[in-house]
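> Structure below; questions to follow.
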Amino acid sequence: MPGEVQNLYSSLQQELIWTHAKWKVFRQLFAVDQQRLDILNSSAPFFFRVAQQTLFEDTLLAISRLTDPSRTASKENRSLRMLVEQLQELVPTDLLDDLKEDLAAIKAACTPFRDWRNRRLAHSDLDTSLKVTDEPLPGVSRADIEKALACMRELMNRVSGHFEDSETLYAEFQTWSGGTRLVNLLELGLAHEKAEREDIQEKIQRLKDNT
């Protein structure tokens, strides 16, 4: 892979890995089951409400950045579209056609996120904020985000497959100190707190019985 393209590819790769990592933490915390949500709500409900919204919106922003046009006014953007443009003279026509199809699929999958970015997250559209518009923000589900990330993985791995005969397992990001470990520690803390409370209640009851 030529040096200039390699630099852009590597930067996009790291951003996409980091986006998958944060999204995995979101899923570990908020997309497992009701029991896990109960643990979070029993521990620090306001904090986890903030964390949920922040991680969700940050993911939308990250996806929007990755899917920006290649240029905004006179400024070039680090985006998947810029990557494909830089590859136009470097890859076979059939691969370039596949990459353009990937871009079209990514654009279709990410349109709702860009609407959120433009009207709420990066800017504050007045009518949207005051809820007086006839065009409310589109709904965005976890499945929508999963689909968008899958489309971006496809494009990036198509490029690395051509130049390096390799692929990155973006969705398999692993860390022992993620959301699951946090929930396990919270569960232990809640159990300890419950045991302490029950112990105090028993002591109070014994005092009452002895009076």
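> Please report the spacing between the Cα centers of the stretch 36-55 and the stretch 16-30 in Å, no decimals.
Distance between centres, Cα-based: 15 Å.
> Moving to a separate point now. Please compute the net charge surrounding E76, taking Lys and Arg as +1 and Asp and Glu as -1 over other residues with Cβ under 14 Å from its Cβ. Working shown, then result.
Numbers: positive: R65, R71, K75, R78, R81; negative: E4, D68, E85.
Here the charged neighbours net out to +2.
> If you don't mind, another one. Tally Lys/Arg at +1 and Asp/Glu at -1 over every other residue whose Cβ is under 15 Å from the Cβ of K131; what's the total? Don't skip to the answer; put the middle values down first.
Details: positive: R119, R120; negative: D125, D127, D134, E135.
Charge balance in the 15 Å sphere: -2.
> Note down the relative contact order for the stretch 33-176 as a percent, whole number, built from C-alpha pairs under 8 angstrom at least six residues apart. Could you put the intermediate results ahead of the total?
Details: 99 pairs, mean separation 25.9, N = 144.
Rounded, it is 18 percent for the stretch 33-176.
> Same structure, new question: Looking at the stretch 49-147, which trypsin sites (Lys or Arg not before Pro) are in a loop (DSSP not H, G, I, E or B) and have at most 10 other Cβ atoms within 10 Å? Before the final figure, lay out each step's value.
Working: sites: R49, R65, R71, K75, R78, R81, K100, K107, R114, R117, R119, R120, K131, R142, K147; in loops: R78, K131.
Passing sites in the stretch 49-147 are K131.
> Also: Charges only on Cβ, +1 for Lys and Arg, -1 for Asp and Glu: so what's the dipole of the chain about the Cα centre, in debye to the nearest 20? Numbers along the way, then the final one.
Working: 27 positive and 34 negative charges, 165 e Å.
Roughly 800 debye, rounded to the nearest 20.
> Still on this model: Between Q86, Q34, Q13, which gets the highest mean-square fluctuation from a Gaussian network model of the chain, Cα cutoff 10 Å?
Highest fluctuation among the options: Q34.
> Counting other Cβ atoms within 10 Å, keep those with at most 11, restrict to DSSP loop, and tell me which chymotrypsin sites (Phe, Trp or Tyr not before Pro) in the stretch 135-210 are left. Each step should come with its number before you reach the end.
On the way: sites: F163, Y170, F173, W176; in loops: F173, W176.
Here the sparse-neighbourhood loop sites are W176.
> A further question on this structure: When the helix-only estimate is applied to the chain (DSSP H runs of n ≥ 4, each -39,500 (n - 2.57), divided by the residue count), what is the mean residue ellipticity at 222 nm, nearest 500 deg cm²/dmol?
Numbers: 8 runs with 151 residues, N = 211.
The helix-only estimate for the chain comes to -24500 deg cm²/dmol at 222 nm.
> Specify the residue with the greatest mean-square fluctuation among A109, A143, A195, computed from a Gaussian network of the chain linking alpha-carbon atoms under 10 Å apart.
Checking each option, the largest mean-square fluctuation is seen for A195.
> Here's something else I'd like to know. Please report the net charge: other residues with Cβ closer than 15 Å to the Cβ of V25, K and R +1, D and E -1.
Numbers: positive: K22, K24, R27, R36, R142, R181; negative: E57, D58, E146, E172.
Counting the neighbours of V25, the net charge comes to +2.
> Then there is this: Compute the Cα gyration tensor for the stretch 112-211, then decide on rounded, prolate or oblate, letting a ≥ b ≥ c be the square roots of its eigenvalues: rounded whenever a/c is under 1.5, prolate when a/b is larger than b/c in the other cases, and oblate in all that remain. Let's see the in-between values first.
Numbers: a/c = 5.64, a/b = 1.70, b/c = 3.31.
Cα axes put the stretch 112-211 in the oblate bin.
> While we're on this one: Among S10, S177, what is the fewest-to-most ranking by other Cβ atoms within 10 Å? Kindly include the intermediate steps, with their values, before the conclusion.
Values: S10 11, S177 8.
Exposure proxy ranking, most exposed first: S177, S10.
> If you don't mind, there's one more thing I want to ask. Only helices at least 18 Å long along their axis, Cα-based, and averaging -1.0 or more on Kyte-Doolittle count here, so list those DSSP H runs from the chain. Numbers along the way, then the final one.
Details: long enough: 3-30 (40 Å, -0.37); 45-66 (32 Å, 0.54); 93-116 (34 Å, -0.21); 142-164 (32 Å, -0.37); 179-209 (45 Å, -0.82).
Passing helices, by number: 3-30, 45-66, 93-116, 142-164, 179-209.
Rule-based calculations on the coordinates, nothing more; no lab input. All of these numbers come straight from a predicted model, not from anything done at the bench. Cβ sites come from the backbone with ideal geometry, for glycine too, and all protein chains shown count toward neighbours.
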